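A short write-up of the structure that comes next.
Just so it is clear, none of the values below were taken in a lab; they were calculated from the coordinates. Everything quoted here is computed from the prediction, not taken from an experiment. Methodologically, a virtual Cβ is constructed for each residue, glycine included, from the backbone with ideal geometry; neighbour enumeration extends over all protein chains shown.
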Amino acid sequence: MTGSPAAHDISIVLAGEAGQGIQTIEQLLTAILQLAGFHIHATKEYMSRVRGGTNSTSIRVASRPVQAPLQRIDLLIPLDEKVIPHLRYRLTEETIIVGDREVVGDLSRLRHVPLRQLAREIGNEMYANTMALGLILGLLAVEAQVMEQYLASRFAGKGEEVVANNLQAARLGHDRGYALRESGEIRFPEIMRHDNAKEIMVNGSEAIAMGAIAGGCQCITSYPMTPGTGVITFMAQHQHDFGLLVEQAEDEIAAINMALGAWYAGARAMVTTSGGGFALMTEGISLAGMLETPVVIHLGQRPGPATGLPTRTEQGDLELALYAGHGEFPRIILAPESLPGAFALSRQAFDLADRYQVPVIILTDQYLVDTYYNTAAFVLDPRQTSRFIVESAEDYQRYRLTPDGISPRAIPGRGLGLVGVDSDEHDEAGHITEDLELRVKMVDKRLHKLEKIKEALLPAGLAGPGDYRAIVVSWGSVNPIVREALAQLGVNDVAQIAIQQVYPLPADLGHYLAAADKTIIVENNATAQLGHLIQRETGHGFHQAILKYNGLPFTVEELVDDLQKCLPAS
Amino acid sequence: MDFDMGKIDIAWCPGCGNFGILTALKRTLAELQIRPRDLVLVSGIGQAAKTPHYVKANFFNGLHGRALPPATLIKAVNPELTVIVTSGDGDMYGEGGNHFIHAIRRNPDITVIVHNNMVYGLTKGQASPTSQPGFVTPLQVDGVFEEPFNPLAVAVALNASFVARTSIHDLELTRRIFARAIRHKGFALVDTFTPCVSFNKVNTRHWYQEHTYVLDDNYDPRDRTAAWQKAVETGPWPLGVIYTSPPKPSFEENLPVYKTNRQPLIDRKVQWEKLAALIDSRKG
């Protein structure tokens with residue numbers, strides 16, 4: 001490692017009460033930083049309230065692509081006085097706090113900038129936020145021109161006066177920031193810029209929604225629940241362009257049953273929810289298993305039980321997703337680790353559901369859906385959707401017994417035959433049966449699909465040295481944080497398995513684990529749910545678990561510390 | 001059109017009113033010349049909910065209480081289909097009560113036939129939401145004391161587009177009302193009185209005959225105030241089309257996906273160019 005960690009990146013945090021406009025500054029700031037050519041990673045933590053409390057946004061500005069949050073803060077912009085106690089655990093000796101004494105009080109470490117006073121001189125205190133934005137950009141030596149161009153186009157619809165005042169405020173802030181930098185009073189390391197013409201910036205919800213559209217999703221039915229709502233909101237906002245049927249259901253039970261109706265009749269549909277809503281859907285998931293009607297469910301996890309911490313993050317619902325629904329039937333659970341992963345797996349989920357006629361659950365969490373960073377533009381090629389629906393012949397039977405357990409799926413009105421599906425145990429035509437020999441055949445048929453699914457899924461993908469002594473395993477959004485921590489530790493005998501396909505697990509997983517002297521599981525929950533699943537499936541018990549369940553994601557520094565303690569000295 | 005399944009094993013008791021409903025439904029469908037392949041029968045769970053198994057048509061026999069959500073979306077993603085829900089009083093008004101309310105609000109172009117026998121048959125004789133006060137069962141040992149659920153009054157209160165009641169003792173009336181309901185554009189409710197010969201010894205075929213009357217031709221179902229009065233009338237109970245709302249668009253017609261394009265959703269392709277443009281719009 002060369003110099004301090006800050007040589008590669010700057011960790012900027014904006015914090016204040018809900019309703020103070022943090023989100024607006026964040027949105028403007030990240031957009032301008034993107035234009036300027038920095039690598040950016042932004043994540044937020046917020047309270048379940050519309051006003052008051054303390055919310056914060058962490059923006060990591062870096063010389064290289066980053067996909068993980070940091071603990072330390074290099075530059076803190078507090079918008080009220082409660083911010084300091086809220087974030088004290090993230091402050092270091094070097095943290096620079098810049099703000100307005102009039103707003104945050106007489107903090108000993110505060111670099112005072114009279115934002116409000118200056119804003120009043122322009123005409124309104126509300127320009128203080130734009131001024132803070134300019135200040136940060138000045139400190140980072142972002143060209144004033146880049147900032148002004150963006151702001152001018154952004155505020156264009158709001159009238160000349162608003163544009164002029166915002167530009168003036170931003171420029172004043174920028175001048176201050178730049179002066180502080182030039183005088184050497186506040187000097188951050190130089191962050192390299194890059195050509196980002198082919199990159200986009202989206203958050204996790206948007207990546208899931210775009211992936212769904214690419215996967216042929218035509219219909220989303222859901223009941224609002226944080227943090228699952230972002231997906232349906234995005235799709236609602238683009239429904240006219242893409243011809244999407246978007247319906248807010250009366251409850252999650254209706255939502256999943258609607259989606260099953262849509263799939264039965266020939267559309268591709270999804271639902272999005274969080275743990276509590278998913279719990280209500282469990283009978284519908286069982287129905288999907290019995291009807292062999294495909295369905296895609298996005299489950300954005302937040303800490304439970306019950307209402308838990310509504311706006312925070314956790315990986316606490318793996319077992320819920322795995323065991324949801326009475327009876328025995330196959331399912332697929334995917335847990336994307338990144339924005340490109342969210343796009344790709346969300347797209348793939350629709351083909352998997354359709355091909356195997358099973359429920360596919362996409363497990364994300366609040367951290368992933370709210371996080372955004374610059375990433376290569378999602379690739380759409382091949383621009384086609386696999387079609388698994390057949391035209392029915394006159395003697396069509398929905399549940400025809402086949403060697404691989406997959407019965408060709410027809411839809412009503414498309415063909416000469418009739419399509420019957422039934423939640424009771426049924427015969428090949430879909431009619432209720434109590435023929436117990438047929439029951440066994442139907443169970444075997446449904447379960448056989450899991451074997452076919454296993455054959456088609458990806459290998460575990462071990463990263464790191466082949467002659468490893470230790471393996472660190474994690475899943476979903478935790479993967480990139482572990483990856484960066486391991487890279488920072490620079491250990492040469494530790495491998496990583498980053499799981500995105502939670503169920504069924506990759507077939508070669510047990511083989512890798514058995515060859516390690518030490519295995520460590522890292523999960524954003526209290527009971528190591530994936531660890532238990534792996535033990536059940538492979539017989540391998542992890543030697544150590546690193547768990548976090550206070551409602552926040554891991555940070556790189558935390559994992560560096562924790563892993564250092566766990567890993568054998570090389 | 002032949003909706004007959006031929007010789008099949010039917011799970012209803014001899015003398016069950018469901019046979020009458022089945023007959024009336026099949027005759028109506030034949031009369032309306034609907035093709036079996038264009039018809040989807042949707043049901044939940046219960047004896048009434050087995051009806052789709054006894055009609056030659058497509059069917060979706062889902063979960064208890066959950067017939068309306070899939071029915072709504074089946075119609076929405078392919079409006080060319082005729083969608084009919086067959087359900088019992090427990091399935092529709094008990095377990096599925098919330099969906100009943102919100103399906104009426106959405107107004108999908110579907111027909112909902114509720115076999116209302118004021119008792120739970122499949123689970124062997126417990127009270128249903130429409131059981132009358134004093135009705136004694138193995139579970140309600142001192143008799144029902146709850147206010148009975150009034151589906152017609154709820155539907156009129158929600159300005160449902162078509163609200164009717166019939167009774168299976170009058171097969172001809174039932175057939176006529178079914179036909180009107182299926183032809184009607186929008187949510188059509190037909191609450192159908194039917195005897196449970198095994199578990200309801202009070203509300204028998206004879207009882208329905210004695211305690212109902214048919215609305216005469218002068219009755220105007222477009223008068224919502226009059227409809228309200230008829231909906232809450234119980235002694236005797238009026239039969240016929242109780243209420244029709246002023247014409248209004250169906251759920252499908254209100255959906256933005258069909259505002260400028262009538263092609264069923266299921267026949268449409270991914271808008272790749274627009275998606276590429278959307279992704280590109282997120283470049284710096």
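Summary of values
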| read-out | value |
| --- | --- |
| Share of pairwise Cα separations in region B:17-280, more than 28 Å, in percent | 33 percent |
| Partner chain coverage, peptide B:221-227 - average Cβ within 10 angstrom | 0 |
| Computed [θ] at 222 nm, deg cm²/dmol, chain B (DSSP H ≥ 4; -39,500 (n - 2.57); rounded to nearest 500) | -8500 deg cm²/dmol |
| Packing-based ranking, highest mean first, of B:271-280, A:212-221 given that Cβ atoms within 10 Å are counted | A:212-221, B:271-280 |
| 10 Å Cβ neighbours from other chains, averaged over peptide A:215-221 | 3 |
| Per-residue HN-Hα couplings for region A:555-564 [Karplus 6.51, -1.76, 1.60; θ = phi - 60°; Hz; x = Gly/Pro] | 10, 4, 4, 4, 6, 4, 4, 5, 5, 4 |
| Under 14 Å, Cβ to Cβ, from A:Ile232 - net charge with Lys/Arg +1 and Asp/Glu -1 | -3 |
| Backbone HN-Hα couplings from phi across region A:457-471 [Karplus 6.51/-1.76/1.60, Hz, Gly and Pro as x] | 7, 7, x, 4, x, 8, 10, x, x, x, 9, 5, 9, 10, 10 |
| Set of lysines near A:Lys158 by C-alpha distance (under 29 Å), chain-local residues within fewer than 8 positions excluded | A:Lys44, B:Lys274, B:Lys283 |
| Karplus (6.51, -1.76, 1.60) ³J(HN,Hα), θ = phi - 60°, over region A:115-125, in Hz, Gly and Pro reported as x | 4, 5, 4, 5, 5, 4, 5, 6, x, 7, 4 |
| Local electrostatic count at A:Val502 - Lys and Arg +1, Asp and Glu -1, tallied over other residues with Cβ under 12 Å | -4 |
| Local electrostatic count at B:Pro246 - Lys and Arg +1, Asp and Glu -1, tallied over other residues with Cβ under 12 Å | +2 |
| Likely footprinting exposure, A:Asp80, A:Asp241, fewest C-beta neighbours within 10 Å first | A:Asp241, A:Asp80 |
| Amide proton proximity set for A:Val421, modelled H, under 5 Å, gap of 5+ | B:Phe59, B:Phe60, B:Asn61 |
| Relative frequency of Cα-Cα separations exceeding 50 Å in the protein assembly as shown, percent | 29 percent |
| Amide H contacts of A:Gly52 (H built 1.01 Å from N, under 5 Å, at least 5 apart or other chain) | A:Ala18 |
| Listed peptides A:170-179, A:445-454, B:53-62 by packing density, highest first (mean Cβ within 10 Å) | B:53-62, A:170-179, A:445-454 |
| C-alpha long axis of helix B:171-183 to longest principal axis of chain B, angle in ° | 20 degrees |
| For residues of A:406-418, the mean tally of beta carbons on other chains within 10 Å | 4 |
| Cα long-axis angle, helix A:529-538 against chain A (0 to 90 degrees, to the nearest 10) | 40 degrees |
| Degrees, to the nearest 10: A:22-36 long Cα axis against longest axis of chain A | 90 degrees |
| Peptide ranges A:335-348, B:97-110 listed from the most packed, as the mean C-beta count within 10 angstrom indicates | A:335-348, B:97-110 |
